[in-house]
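Working notes for the structure below.
The values are calculated or read from the model by the stated rules, or taken from the named source; none is laboratory data. Remember, it's a predicted structure, so these values are computed and weren't measured experimentally. Accessible surface is based on the protein model in full, side chains and every heavy atom, while ligands, DNA and RNA are left aside. Shrake-Rupley method; radii C 1.70, N 1.55, O 1.52, S 1.80 Å.
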Amino acid sequence: MPQRLTFEYNPLSYAYPDDETDKELFLQASRTHPHHPHAHHTQQQHLSHLRAAAVLLYWVNMVFNDGEEVWQVVRLDEQDNVHRYVYPDLIVVDGSVWEYNDMFSLGVFTRDQREAVLECADEIEYEVRCAEGGQGVRWMGRLLEQMVEEALVGEGVVNAIRDSVPFSLDARGCQ
(Lines give C-alpha, C1' and ligand atoms only; values in the text may rest on other atoms or scores of the structure.)
Protein backbone atom coordinates (compact mmCIF):
# COMPACT_ATOMS: atom_id res chain seq x y z
CA MET A 1 0.00 0.00 0.00
CA PRO A 2 1.50 3.36 -0.97
CA GLN A 3 1.98 6.23 1.38
CA ARG A 4 -1.01 8.28 0.39
CA LEU A 5 -0.63 11.58 2.18
CA THR A 6 2.19 13.66 0.78
CA PHE A 7 2.92 17.01 2.37
CA GLU A 8 4.49 19.41 -0.06
CA TYR A 9 5.51 23.01 0.32
CA ASN A 10 2.83 25.10 -1.32
CA PRO A 11 3.26 28.85 -0.77
CA LEU A 12 -0.48 29.34 -1.34
CA SER A 13 -1.21 27.27 1.77
CA TYR A 14 0.70 29.76 3.90
CA ALA A 15 -0.66 32.88 2.20
CA TYR A 16 -4.29 31.69 1.95
CA PRO A 17 -4.87 28.94 4.53
CA ASP A 18 -8.21 27.40 5.34
CA ASP A 19 -10.02 29.14 8.18
CA GLU A 20 -12.83 28.48 10.64
CA THR A 21 -15.67 29.78 8.45
CA ASP A 22 -18.28 27.52 6.93
CA LYS A 23 -17.61 26.99 3.21
CA GLU A 24 -19.41 25.42 0.30
CA LEU A 25 -17.74 22.25 -0.97
CA PHE A 26 -17.94 21.54 -4.70
CA LEU A 27 -17.15 18.64 -6.98
CA GLN A 28 -15.71 19.75 -10.32
CA ALA A 29 -15.62 17.39 -13.30
CA SER A 30 -14.11 18.42 -16.60
CA ARG A 31 -16.51 18.05 -19.46
CA THR A 32 -16.70 18.56 -23.15
CA HIS A 33 -18.03 21.99 -23.99
CA PRO A 34 -19.24 22.62 -27.55
CA HIS A 35 -16.83 25.53 -27.96
CA HIS A 36 -13.91 23.92 -26.19
CA PRO A 37 -11.00 22.98 -28.50
CA HIS A 38 -11.05 19.39 -27.14
CA ALA A 39 -14.80 18.86 -27.56
CA HIS A 40 -15.90 15.35 -28.59
CA HIS A 41 -19.09 14.45 -30.34
CA THR A 42 -19.72 10.73 -29.91
CA GLN A 43 -20.63 8.96 -26.67
CA GLN A 44 -17.53 6.74 -26.94
CA GLN A 45 -15.28 9.76 -27.39
CA HIS A 46 -17.04 11.43 -24.44
CA LEU A 47 -16.37 8.39 -22.21
CA SER A 48 -12.73 8.34 -23.32
CA HIS A 49 -12.47 12.00 -22.39
CA LEU A 50 -13.97 11.30 -18.96
CA ARG A 51 -11.43 8.53 -18.33
CA ALA A 52 -8.75 11.22 -18.48
CA ALA A 53 -10.92 13.88 -16.88
CA ALA A 54 -9.96 16.02 -13.98
CA VAL A 55 -12.30 15.33 -11.09
CA LEU A 56 -11.73 17.10 -7.81
CA LEU A 57 -13.36 18.46 -4.69
CA TYR A 58 -12.65 22.02 -3.68
CA TRP A 59 -13.59 24.91 -1.46
CA VAL A 60 -12.62 28.54 -1.86
CA ASN A 61 -10.04 29.99 0.52
CA MET A 62 -9.79 33.44 -1.11
CA VAL A 63 -11.42 35.54 -3.84
CA PHE A 64 -9.40 38.33 -5.46
CA ASN A 65 -10.81 41.58 -6.86
CA ASP A 66 -10.17 40.39 -10.44
CA GLY A 67 -12.34 37.30 -9.86
CA GLU A 68 -9.53 34.79 -9.46
CA GLU A 69 -9.97 32.35 -6.58
CA VAL A 70 -7.66 30.26 -4.44
CA TRP A 71 -9.08 26.77 -4.11
CA GLN A 72 -8.12 24.14 -1.59
CA VAL A 73 -8.33 20.99 -3.68
CA VAL A 74 -8.85 17.32 -2.85
CA ARG A 75 -7.84 15.09 -5.76
CA LEU A 76 -5.65 12.25 -6.88
CA ASP A 77 -2.85 14.00 -8.77
CA GLU A 78 -1.32 12.29 -11.82
CA GLN A 79 1.87 13.10 -13.69
CA ASP A 80 3.60 10.68 -16.06
CA ASN A 81 1.38 7.80 -14.91
CA VAL A 82 2.39 8.34 -11.26
CA HIS A 83 -0.53 9.02 -8.94
CA ARG A 84 -0.51 10.56 -5.49
CA TYR A 85 -2.72 12.32 -3.01
CA VAL A 86 -1.06 15.59 -2.03
CA TYR A 87 -1.87 17.77 0.97
CA PRO A 88 -2.12 20.71 1.02
CA ASP A 89 -3.13 21.21 -2.59
CA LEU A 90 -4.07 24.80 -3.38
CA ILE A 91 -4.48 26.27 -6.84
CA VAL A 92 -5.43 29.65 -8.33
CA VAL A 93 -8.24 29.59 -10.89
CA ASP A 94 -10.06 32.19 -12.95
CA GLY A 95 -13.70 32.45 -13.94
CA SER A 96 -13.29 30.47 -17.17
CA VAL A 97 -13.20 27.26 -15.14
CA TRP A 98 -17.01 27.44 -14.98
CA GLU A 99 -17.24 27.42 -18.79
CA TYR A 100 -15.47 24.09 -19.31
CA ASN A 101 -16.35 22.12 -16.20
CA ASP A 102 -19.41 20.78 -14.47
CA MET A 103 -19.74 21.95 -10.87
CA PHE A 104 -21.82 20.23 -8.21
CA SER A 105 -22.41 21.56 -4.72
CA LEU A 106 -22.00 19.03 -1.90
CA GLY A 107 -23.29 21.52 0.65
CA VAL A 108 -21.82 23.88 3.21
CA PHE A 109 -19.16 22.33 5.44
CA THR A 110 -17.67 23.45 8.75
CA ARG A 111 -13.91 23.43 9.26
CA ASP A 112 -14.20 20.15 11.19
CA GLN A 113 -16.21 18.59 8.36
CA ARG A 114 -13.61 19.72 5.80
CA GLU A 115 -10.90 18.13 7.94
CA ALA A 116 -12.98 14.93 7.97
CA VAL A 117 -13.10 15.04 4.15
CA LEU A 118 -9.29 15.29 4.08
CA GLU A 119 -9.05 12.32 6.45
CA CYS A 120 -11.38 10.29 4.22
CA ALA A 121 -9.27 11.18 1.18
CA ASP A 122 -6.16 9.97 2.97
CA GLU A 123 -7.79 6.57 3.57
CA ILE A 124 -8.72 5.86 -0.07
CA GLU A 125 -6.33 3.33 -1.63
CA TYR A 126 -4.90 3.66 -5.13
CA GLU A 127 -2.08 2.37 -7.29
CA VAL A 128 0.89 4.75 -7.43
CA ARG A 129 1.95 3.64 -10.92
CA CYS A 130 -0.86 3.19 -13.39
CA ALA A 131 -0.82 3.85 -17.13
CA GLU A 132 -4.56 3.31 -17.53
CA GLY A 133 -6.74 6.41 -17.43
CA GLY A 134 -9.59 6.93 -15.05
CA GLN A 135 -7.91 6.11 -11.75
CA GLY A 136 -8.58 9.62 -10.42
CA VAL A 137 -12.25 9.35 -11.38
CA ARG A 138 -12.61 5.95 -9.67
CA TRP A 139 -10.71 7.27 -6.62
CA MET A 140 -13.16 10.19 -6.40
CA GLY A 141 -16.10 7.81 -6.61
CA ARG A 142 -14.71 5.83 -3.67
CA LEU A 143 -14.08 9.07 -1.76
CA LEU A 144 -17.71 10.12 -2.24
CA GLU A 145 -18.85 6.69 -1.02
CA GLN A 146 -16.68 7.11 2.09
CA MET A 147 -18.11 10.57 2.67
CA VAL A 148 -21.64 9.11 2.54
CA GLU A 149 -20.61 6.40 5.06
CA GLU A 150 -19.20 9.10 7.35
CA ALA A 151 -22.43 11.14 6.99
CA LEU A 152 -20.54 14.07 5.48
CA VAL A 153 -22.78 14.19 2.42
CA GLY A 154 -26.15 12.69 1.62
CA GLU A 155 -26.54 9.69 -0.63
CA GLY A 156 -29.09 11.61 -2.73
CA VAL A 157 -26.53 14.31 -3.50
CA VAL A 158 -23.98 11.72 -4.61
CA ASN A 159 -26.55 9.84 -6.71
CA ALA A 160 -27.48 13.08 -8.49
CA ILE A 161 -23.80 13.65 -9.31
CA ARG A 162 -23.41 10.04 -10.51
CA ASP A 163 -26.10 10.71 -13.12
CA SER A 164 -23.67 13.17 -14.76
CA VAL A 165 -20.23 11.79 -13.83
CA PRO A 166 -19.63 8.03 -14.37
CA PHE A 167 -17.23 7.26 -11.50
CA SER A 168 -16.69 3.60 -12.34
CA LEU A 169 -16.39 4.01 -16.15
CA ASP A 170 -15.39 0.39 -16.70
CA ALA A 171 -13.55 -2.44 -15.00
CA ARG A 172 -10.31 -1.90 -16.89
CA GLY A 173 -7.31 -0.09 -15.54
CA CYS A 174 -5.44 0.03 -12.28
CA GLN A 175 -7.66 -0.07 -9.23
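In this structure the amide hydrogen of Asn61, modeled in the peptide plane, comes within under 5 Å of the amide hydrogens of Val70, Trp71, Gln72, none closer than 5 places in sequence on its chain. With protein chains left intact and a 1.4 Å probe, residues in the range 57-100 average 48 Å² of accessible area per residue.
What a 1.4 Å probe finds exposed on the range 60-175 is 42% carbon and sulfur by accessible area, rounded to a whole percent.
Scanning residues 5 or more positions from Phe109 or on other chains, those with amide H under 5 Å from its amide H are Lys23, Glu24, Leu25, with H placed 1.01 Å from N in the peptide plane.
For the range 55-66, putting each phi into the Karplus relation 6.51 cos²θ - 1.76 cosθ + 1.60 with θ = phi - 60° gives couplings of 10, 8, 9, 7, 9, 8, 9, 7, 10, 8, 4, 7 Hz, in residue order, rounded to whole numbers and with x for Gly and Pro.
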